[in-house]
Amino acid sequence: MVSLSYCMPFLSFLCFLIFFPCLIFTGHSMRHIFFYFNGICFPPFKDKNGFFCFVSSLSPFSLLSLSISTCNMRPLLFGILPIKENSCGSLSSVTVALCLLTLLLMVIWGRKSKRSFFHFHHDSQLDHTKYPPPPGPKPWPLVGNLLQVGEQIHLSLTGLRLQYGDIFKLRLGSLTVVVLSGYNTIRQALVRHGEAFAGRPNLFIFSAIANGTSMTFNENYGPVWLLHKKLCKNALRSFSQAEPRGFGATCLLEEHICAEAAGMVQVIREKAAKEDMEGIDPATTLVTSVANVVCALCFGKRYDYSDKEFLTIVDVNNEVLKLFAAGNLADFFPVFRYFPSPSLRKIVQYVRRMNRFMERNIEEHIDTFDKNRIRDITDALIALCEEREESKDTSMLSNDQIIHTVIDIFGAGFDTIIAGLQWSLLYLIKFPDIQDKIQQEIDEHIGKPQLPRFSNKAKMPFTEAFIYEVFRHASYVPFTIPHCTTRDITFNGYFIPKDTCVFINQYQVNHDIDLWGDPEKFRPQRFLNPCGLLNKELTEKVQIFGMGKRRCLGDEFARLEMFVFLTTLLHGLRIENVPGQELDLSTDFGLTMKPRPYRITISQRF
Ligand code: HEM
């Protein structure tokens with residue numbers, strides 16, 4: 001007789017081995033699989049009635065392993081298994097022997113295999129002779145450290161930093177990942193050793209999304225990539241700073257942003273007039289307004305708030321980001337690249353829909369192109385393709401790469417800003433005194449008859465400090481897009497080989513107690529010096545846009561847009577929490593983490 005709770009992990013692991021592929025084929029994402037793992041790896045606990053409960057006991061693995069391990073199968077009801085404390089499941093010696101054999105085989109397999117299907121960044125590549133590899137938790141055979149990482153990856157990796165320091169190593173399936181934390185360490189890696197850390201890993205998901213033409217996901221760092229990034233930067237800058245079409249604005253970007261922000265406030269007013277005490281969910285209005293700004297720059301047009309096609313595209317973009325963050329098995333277990341995977345198929349379908357939208361817009365532009373009348377970023381890129389034969393520089397890039405620039409900008413240009421605004425509104429209703437201070441600044445520097453403009457930002461340090469504090473406290477882009485080493489490097493005494501995937505933990509920097517003192521407090525004042533001006537040395541430490549060669553191209557754009565949207569909203573409206581609504585600042589891990597849904601009530605200020 002073997003105690004049930006001792007046997008569970010072994011039996012579950014055996015089940016896992018058998019049913020793991022089934023899960024993939026039935027469309028389960030990494031997120032689900034982590035969930036199943038939780039169910040099987042945490043031993044059952046006892047509830048107040050003396051029954052054993054399982055952490056996520058309705059997961060198929062738990063149920064399955066229970067049915068195998070208990071000799072007399074008892075009824076399973078809503079995840080509670082009615083077995084008294086010391087009751088044991090008797091196990092056949094064959095089952096135990098099978099478990100032990102499986103584990104033994106996995107240990108041998110984990111040690112011996114060097115560059116098999118399951119190992120493409122194996123430890124053996126590390127040069128242990130001169131410098132050691134970074135430390136890290138001991139990986140399990142096959143799954144590596146996937147179990148320790150869990151669902152809230154930003155929290156678990158921040159916790160592991162306390163144990164292993166700023167540079168540590170993990171194995172996610174077969175993928176070796178070096179995790180960098182700490183402001184100085186990250187800065188040293190991404191700025192001082194910028195080129196060595198400027199690659200992108202050759203992740204299956206990147207190629208599924210971008211097919212080699214994207215600047216953002218391209219893993220080949222070198223002259224061609226540098227040129228592509230320069231092109232992307234110039235396209236964005238020249239169109240943001242182009243002459244406005246109407247009067248009043250200083251540049252095209254300001255014109256678009258101010259118009260969309262004013263439109264958004266109007267739509268919120270109209271929606272609120274229709275609702276009563278329930279309040280309104282500001283999310284969809286924010287989404288359409290923000291996405292319209294980047295759409296106007298890229299394609300020279302805006303969409304109506306109820307345009308179905310546009311809303312679908314915005315939705316599809318969100319879904320791709322969600323699936324992307326859930327992790328893809330083919331990246332952790334390369335053998336799955338050779339099998340059809342429903343979750344990957346879903347991503348490909350979404351990407352195709354997105355591409356069809358882009359292609360339609362690009363084709364429309366090609367049909368109506370006039371080189372003497374460049375209307376937007378797409379036109380500018382088409383002109384570049386036409387001229388590229390004459391230009392030695394751009395001939396390094398294919399037409400596909402050049403045109404893909406507009407997709408890079410469009411894809412990156414709204415979800416992060418929308419999330420920033422959603423968090424901002426949540427903090428504003430949670431901390432009404434902070435809203436008072438921003439409105440005081442608005443009244444002082446903008447006044448009733450004017451609407452906010454870019455030029456107001458420099459004179460409103462408290463509002464700027466608020467935006468930085470939202471970035472820091474919410475840390476809603478917890479990691480940058482994964483990086484990769486472009487050559488072997490010895491970094492802070494550790495050897496990291498070429499082609500190692502590197503995670504940059506921005507969340508940890510933003511919650512580092514040594515840097516902030518009271519990181520868990522939401523306190524915009526921390527960014528103001530005694531004269532009430534913005535402390536630039538401190539704002540630089542907030543990590544949200546990355547650093548160095550791969551730094552975000554839209555950081556200035558994003559800060560200006562957030563400033564104008566927030567101040568335009570607070571200029572005309574007071575926003576408040578709906579009575580009785582609990583405001584929850586927690587969130588789930590993702591590439592961009594959104595707050596949980598909430599509603600607001602509004603009242604006119606003037
Ligand atoms: C608050 C808003 C934004 C946040 C928090 C944000 C954050 C980021 C982050 C973390 C990265 C990855 C950096 C790295 O891998 O090290 C990134 C890359 C990028 N972002 Fe942003 N972003 C924002 C807005 C924008 C906007 C508005 C645009 C363009 C209109 C943009 C364009 C890009 C591009 C093109 C890249 C790829 C850069 C590269 O791979 O070299 N972003 N952004």
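The values are calculated or read from the model by the stated rules, or taken from the named source; none is laboratory data. Note that this is a predicted model, so its numbers are computed, not measured. Heads up, the Cβs are rebuilt from the backbone with ideal geometry, glycines too, and the neighbour counts pull from every protein chain shown.
Just to be sure, is ALA383 over 29 Å from the mean Cα position of the chain (by Cα), in the same structural domain as ASN317 (by TED's automatic domain parsing) and not acidic (Asp, Glu)? Taking the combined requirement at face value, the residue satisfies it.
Being in contact with a helix residue (DSSP H, G or I) (Cβ under 9 Å, 6 or more places away or on another chain), within 16 Å of the ligand (Cβ to nearest atom), among the aromatic types (Phe, Trp, Tyr) and assigned to a loop (DSSP other than H, G, I, E, B) is a condition met by no residue of region 169-191.
The requirement of being in a loop (DSSP other than H, G, I, E, B), surrounded by fewer than 22 Cβ atoms within 10 Å (Cβ to Cβ) and either without any contact (Cβ under 8 Å) to a residue 24 or more places away in the chain or within 15 Å of the ligand (Cβ to nearest atom) (or both) is not satisfied by GLY159. Quick check on this structure: which one of THR394, THR378, THR463 is polar (S, T, N, Q), at pLDDT below 90 and in contact with a helix residue (DSSP H, G or I) (Cβ under 9 Å, 6 or more places away or on another chain)? Result of the check over THR394, THR378, THR463: THR394.
Taking the condition touching a residue at least 12 places away in the same chain (Cβ under 8 Å) and near the ligand (Cβ under 9 Å from one of its atoms), does LEU573 pass? Taking the combined requirement at face value, the residue does not satisfy it.
Among residues of region 533-550 being out of contact with any helix residue (DSSP H, G or I) (no Cβ under 6 Å at 6 or more places or on another chain) and in contact (Cβ under 8 Å) with a residue 12 or more places away in the chain, the one that is farthest from the ligand (Cβ to nearest atom) is LYS549.
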